[in-house]
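What follows is one structure encoded as structure tokens, with my remarks underneath.
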Amino acid sequence: MEASEDHVKIVEELREAIGAENVIDWKIPRARRIYVAIKPEKLKEAVKHLTERNFEHISTISGVDVGDGVEVLYHLTRQGPGRGITISIRVKIPMENVSLPTITDIIPGATLYEREVHDFVGVVFVGHSDLSPVMLPDKWPKDVYPLLKKWKIEDIKKRLSEIGEN
Amino acid sequence: MGKTEEFIIPVGPQHPALKEPENFTIKVDGEYVVDAKIRPGYNHRGIEKATESRTYIQILYLLERVCGICSICHMTNFCLAVEEAMNLEVPARANYIRTIMHEIERLHSHSLWLGVAAHEIGFDTLFYYIWRDREVIMDLTERISGNRVNKAIPTIGGVRRDIPPELIRDLRKGLDVFEERIKYYKSLILKENTVLNRAVGVGILTPHDAVALAAVGPTLRASGIKSDVRADDPYLVFDEIPFNVMTHDGCDVASRVIVRCDEMLESINVIRYCLDHLPDGPIRVKVPVIVRVPEAEVISLWEAPRGELIHYLKSTGGTMPYRYKIRSPTLGNLPAVQKMLIGNYIADVPIIIAAIDPCFSCTDRMTFVNVNTEKSWVWNNEQLRRYGNKWYQQNS
Amino acid sequence: MGLITWARTRSPWLIHFNASSCNGCDIEVLAALMPRFDVERFGAILRGSPRHADVLVVTGSISMQVKDRLIRVYEQMPEPKFVVAVGACACGAGVFQKCYNTHDGVDKVIPVDAYIPGCAARPDAILDGVVKLLKKLGY
């Protein structure tokens, strides 16, 4: 699966749109997959630019605890027979300030994905209309973000039995 | 402010047709829905966290059970992700067999759904007929894989079982029978007033909304958007197979029914093509007993019966993944469902929700709030369905 | 008396509850109703309300969110009542052991009278289990 120059052009246009200094890193591991790491301040601009270049579909948003911070990946997909490409915009935010602006004003369909990332790694999406739990139960202790590496499953279960569940 | 009365009707599980429990809060003005809020998560088991402390083979069997209806989808998508990370070349015969099982699963899932949808609009006879015919597919699945549900055919490096010649012959015969039945049901649905009344013009989702709300699968294609992961981002052998993306422009529940019937007929064609062109050769490559995946980041997209499925694997080397993320298609369709409910009758709520083929039950309980009187009441699905069917009988 | 006559004179009414199941066992419970397996010839019908049921059929590994509902459904059933745990998850967590939001079997939440293993449990096994339970209790 060879990547075509189409992919490089997409990255170059993105760099031009948000400023080359704001693109930290990028890679094209195979055809139809692009990963671009950008500075968090340019997130909304990048998403807006991509939605105007046919990357209108948001497949999902992944939150990953990478030790010294949280990495949030926005997987945007260009759809259409023979035209599919998934570009993953990577932003890294520090543990002391896990917050990002919401993109639901650009892509309303991102609403549940942002809530899910909030549930699991605690990212606060500023401007989101309702960050209530979407996956976790209502009675879940609010300080436990299960997908952070510091929470082992045994510790989570212990915490749940402390509040009378399990 | 107005008086608020709450009528809590004792919760009873809904009809066993429905799957995971759910909760909806629906605001109504008279007979119309003015707002809807969905609260998923009743089925959350903590699978993503579990993958971080399991080996890859253990994860294979864990992911099979993310959803019992589309188990092949999650398993094979996982295998594709791991194989890409390991740079493993899977034999051609294995990929063809995987494709055959993939499409057989689509047949079982769509026919399951068609029966359930018929039940939702009170057409129980059709429900029973379709599920009787679905047993043809279940029998074939069992003969190929050893089980009706949870087939465990794919494995890292290929597939576990081959399809011998006599089974291929029976598979073709079974598909012929099933195809006749699906064609019959499709023509019936397009002529039967009971169905058309409940499905045409109901649950409209405009193409613009379908894209903005990130809808996937038949829900997206029933609004005319030509997008299918098998064509957009081909995996397995879909770049070699001639295959059509089925769309329909109606944007309503009837369109979603038609798209799924068409997809079933197209799946049968795909399976036939695969059987005609099944290459010889081994069905798997040897993979070490303890699977180690090098440092890699892989995104695997897949067209499950319900829509686009995405898996994201992050490996830092070793026998367990660093992070494994799964987004099932139903989550992608929930914002669209909320939009679709607005402006429709209460009586339409069950079929609109069912039309996205939710991989959760159409609710264990629904809370209704009348915005004018602020009266609220709780119905279980059985009550809502009975209300809907009676309402349509009286108002058609 | 023969099995069919026995079943017809007893007529157990079943209620099905999905407690965070992957749906595998649920579609097999439903398949048990369908023309191929047809549980109704044994007099068993699936009802919609716990107040009318004798046997509670539970699937799934019981997340925190459904636990209270399961208990409530059980409490609403009139005596004598019986619980059947269908599937590996309901019998003992199945593959979901050591997950943070599951219980190790239905019997950790409500008392269980019969266990039907399988992943997913076949419709024939489900029928067999329910009928065996009722015969054993001389119901």
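The values are calculated or read from the model by the stated rules, or taken from the named source; none is laboratory data. Here the structure is a predicted model, which means the values were calculated and not measured. Please note: Cβ atoms are built from the backbone with ideal geometry, for glycine as well, and neighbour counts cover all protein chains shown.
Based on what the data block shows, is B:Ile100 modelled with pLDDT under 95, away from chain C (no Cβ under 14 Å) and in contact with a helix residue (DSSP H, G or I) (Cβ under 6 Å, 6 or more places away or on another chain)? Before the answer, list the steps.
Details: modelled with pLDDT under 95: no; away from chain C (no Cβ under 14 Å): yes; in contact with a helix residue (DSSP H, G or I) (Cβ under 6 Å, 6 or more places away or on another chain): yes.
Answer is no for this residue.
Residues of region C:86-98 include at least one that is without any contact (Cβ under 8 Å) to a residue 24 or more places away in the chain, at the interface with chain B (Cβ under 10 Å from one of its Cβ atoms) and either among the aromatic types (Phe, Trp, Tyr) or out of contact with any Pro (no Cβ under 6 Å at 6 or more places or on another chain) (or both). Residues of region B:156-189 that are surrounded by fewer than 19 Cβ atoms within 10 Å (Cβ to Cβ) and outside any helix (DSSP H, G or I): B:Arg160, B:Arg161, B:Asp162, B:Pro164. Looking across region B:1-46 at every residue that is at the interface with chain C (Cβ under 10 Å from one of its Cβ atoms) and outside any loop (DSSP other than H, G, I, E, B), the one that is modelled with the highest pLDDT is identified as B:Arg39. Is one or more of the residues making up region B:105-124 aromatic (Phe, Trp, Tyr) and assigned to a loop (DSSP other than H, G, I, E, B)? Yes.
Applying the condition of being in contact with a Cys (Cβ under 9 Å, 6 or more places away or on another chain) and more than 7 Å from every other protein chain (Cβ to nearest Cβ) to region C:58-78 and asking which residue is nearest to B:Gly41 (Cα to Cα) yields C:Ile62.
Scanning region A:75-95 for residues that are under 21 Å from B:Arg327 (Cβ atoms), in a helix (DSSP H, G or I), more than 8 Å from chain B (Cβ to nearest Cβ) and under 11 Å from the mean Cα position of the chain (by Cα) turns up nothing. For region A:99-114, filtered to residues that are in contact with a strand residue (DSSP E or B) (Cβ under 7 Å, 6 or more places away or on another chain) and surrounded by fewer than 23 Cβ atoms within 10 Å (Cβ to Cβ), the residue that is farthest from the other protein chains (Cβ to nearest Cβ) is A:Ser99.
Results for (1) under 25 Å from B:Glu48 (Cβ atoms); (2) among the aromatic types (Phe, Trp, Tyr), shown as yes or no for each residue.
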| position | (1), (2) |
| --- | --- |
| B:Ile72 | yes, no |
| B:Met75 | yes, no |
| B:Glu83 | yes, no |
| B:Tyr96 | no, yes |
| B:His102 | yes, no |
| B:Leu107 | no, no |
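When we screen A:Ser129, A:Ser161 for residues that are polar (S, T, N, Q), over 21 Å from the mean Cα position of the chain (by Cα) and surrounded by fewer than 20 Cβ atoms within 10 Å (Cβ to Cβ), the only hit is A:Ser161.
Is there a residue in region A:28-46 that is more than 11 Å from chain B (Cβ to nearest Cβ), assigned to a strand (DSSP E or B), more than 14 Å from the chain's Cα centre (by Cα) and farther than 25 Å from A:Leu112 by Cβ?
yes
Which residue is surrounded by the most Cβ atoms within 10 Å (Cβ to Cβ), if the candidates are limited to region C:72-85 and must be without any contact (Cβ under 8 Å) to a residue 40 or more places away in the chain and over 14 Å from the mean Cα position of the chain (by Cα)?
Going residue by residue through region C:72-85, those that are without any contact (Cβ under 8 Å) to a residue 40 or more places away in the chain are C:72, C:74-76, C:78-79, C:81, C:83, C:85.
Okay, now just the ones that are also over 14 Å from the mean Cα position of the chain (by Cα), so C:72, C:75-76, C:78-79.
Details: C:Arg72: 13, C:Glu75: 11, C:Gln76: 17, C:Pro78: 10, C:Glu79: 5.
If we take residues in region C:72-85 being without any contact (Cβ under 8 Å) to a residue 40 or more places away in the chain and over 14 Å from the mean Cα position of the chain (by Cα), then C:Gln76 is surrounded by the most Cβ atoms within 10 Å (Cβ to Cβ).
Would you confirm whether any residue within region C:50-63 is farther than 29 Å from A:Gly164 by Cα and more than 13 Å from the chain's Cα centre (by Cα)? Even if it seems obvious, please write down each step before you answer.
Of region C:50-63, the ones farther than 29 Å from A:Gly164 by Cα are C:52-54.
Then keep just the ones that are more than 13 Å from the chain's Cα centre (by Cα); that gives C:52.
Checked against the condition, which is being farther than 29 Å from A:Gly164 by Cα and more than 13 Å from the chain's Cα centre (by Cα), region C:50-63 yields at least one hit.
Among the criteria (1) outside any helix (DSSP H, G or I); (2) touching a strand residue (DSSP E or B) at 6+ places or on another chain (Cβ under 9 Å), the one C:Pro80 does not fulfil is (2). Restricting region B:197-252 to residues that are more than 13 Å from chain A (Cβ to nearest Cβ) and outside any loop (DSSP other than H, G, I, E, B) leaves a set whose member that is modelled with the highest pLDDT is B:Pro218. Picking from residues in region A:115-136 that are in contact (Cβ under 8 Å) with a residue 24 or more places away in the chain and in a loop (DSSP other than H, G, I, E, B), the one that is farthest from the other protein chains (Cβ to nearest Cβ) is A:Gly127.
Within region A:65-74, being within 11 Å of chain B (Cβ to nearest Cβ) and under 13 Å from A:Ile89 (Cα atoms) holds for A:Glu71, A:Leu73. Selection over region A:1-26 of residues that are assigned to a strand (DSSP E or B) and either surrounded by 15 or more Cβ atoms within 10 Å (Cβ to Cβ) or away from every other protein chain (no Cβ under 14 Å) (or both) gives a count of 3.
Among the residues of region B:303-348, which ones are part of a strand (DSSP E or B) and more than 29 Å from B:Leu80 (Cα to Cα)? Write out each step before concluding.
If we filter region B:303-348 for residues that are part of a strand (DSSP E or B), which is where we start, we get B:303-304, B:307-315, B:323-327, B:345.
Listed by number, the list holds a single entry, B:Tyr345.
Hey, could you check region C:22-76 for residues that are closer than 25 Å to B:Asp133 by Cα and of a type in the set (Phe, Trp, Tyr) and say which is modelled with the lowest pLDDT? The extreme case among them is C:Phe42.
Please tell me if C:Ile126 is under 21 Å from B:Asn147 (Cα atoms) and either part of a helix (DSSP H, G or I) or not polar (S, T, N, Q) (or both). I'd like the intermediate steps shown before the answer.
Numbers: under 21 Å from B:Asn147 (Cα atoms): yes; either part of a helix (DSSP H, G or I) or not polar (S, T, N, Q) (or both): yes.
Spelling it out, C:Ile126 is indeed under 21 Å from B:Asn147 (Cα atoms) and either part of a helix (DSSP H, G or I) or not polar (S, T, N, Q) (or both).
State all residues of region A:91-114 that are in contact with a Ser or Thr (Cβ under 8 Å, 6 or more places away or on another chain) and either under 20 Å from C:Cys99 (Cβ atoms) or free of Cβ contacts under 8 Å to residues at least 24 places away in the same chain (or both); if no residue qualifies, say none. Lay out the reasoning, then the answer.
In the first step, residues of region A:91-114 are kept if they are in contact with a Ser or Thr (Cβ under 8 Å, 6 or more places away or on another chain); the result is A:93, A:104, A:106-107, A:110-111, A:113-114.
Within region A:91-114, A:Thr111 is the sole residue that qualifies.
One residue stands out in region B:55-83 among those that are assigned to a helix (DSSP H, G or I) and within 12 Å of the chain's Cα centre (by Cα): the one that is nearest to B:Ala304 (Cα to Cα), namely B:Cys73.
Do the conditions hold for B:Ser300, that is, is it part of a strand (DSSP E or B) and of a type in the set (Gly, Ala, Ser)? Outline the logic, then answer.
Numbers: part of a strand (DSSP E or B): yes; of a type in the set (Gly, Ala, Ser): yes.
Yes, satisfied.
Scanning region C:117-139 for residues that are within 14 Å of chain B (Cβ to nearest Cβ) and either within 17 Å of C:Phe17 (Cβ to Cβ) or free of Cβ contacts under 8 Å to residues at least 12 places away in the same chain (or both) yields C:Ala120, C:Ala121, C:Ala125, C:Ile126, C:Val130.
Tell me yes or no: at least one residue of region B:319-330 is touching a Cys at 6+ places or on another chain (Cβ under 7 Å), under 26 Å from B:Leu88 (Cα atoms) and of a type outside the set (Ser, Thr, Tyr).
Residues of region B:319-330 touching a Cys at 6+ places or on another chain (Cβ under 7 Å): B:328, B:330.
Right, trim to under 26 Å from B:Leu88 (Cα atoms) and you get B:328.
Among the residues that remain, those that are also of a type outside the set (Ser, Thr, Tyr) are: none.
Within region B:319-330 (the criterion being touching a Cys at 6+ places or on another chain (Cβ under 7 Å), under 26 Å from B:Leu88 (Cα atoms) and of a type outside the set (Ser, Thr, Tyr)), the answer is no, since none of the residues qualifies.
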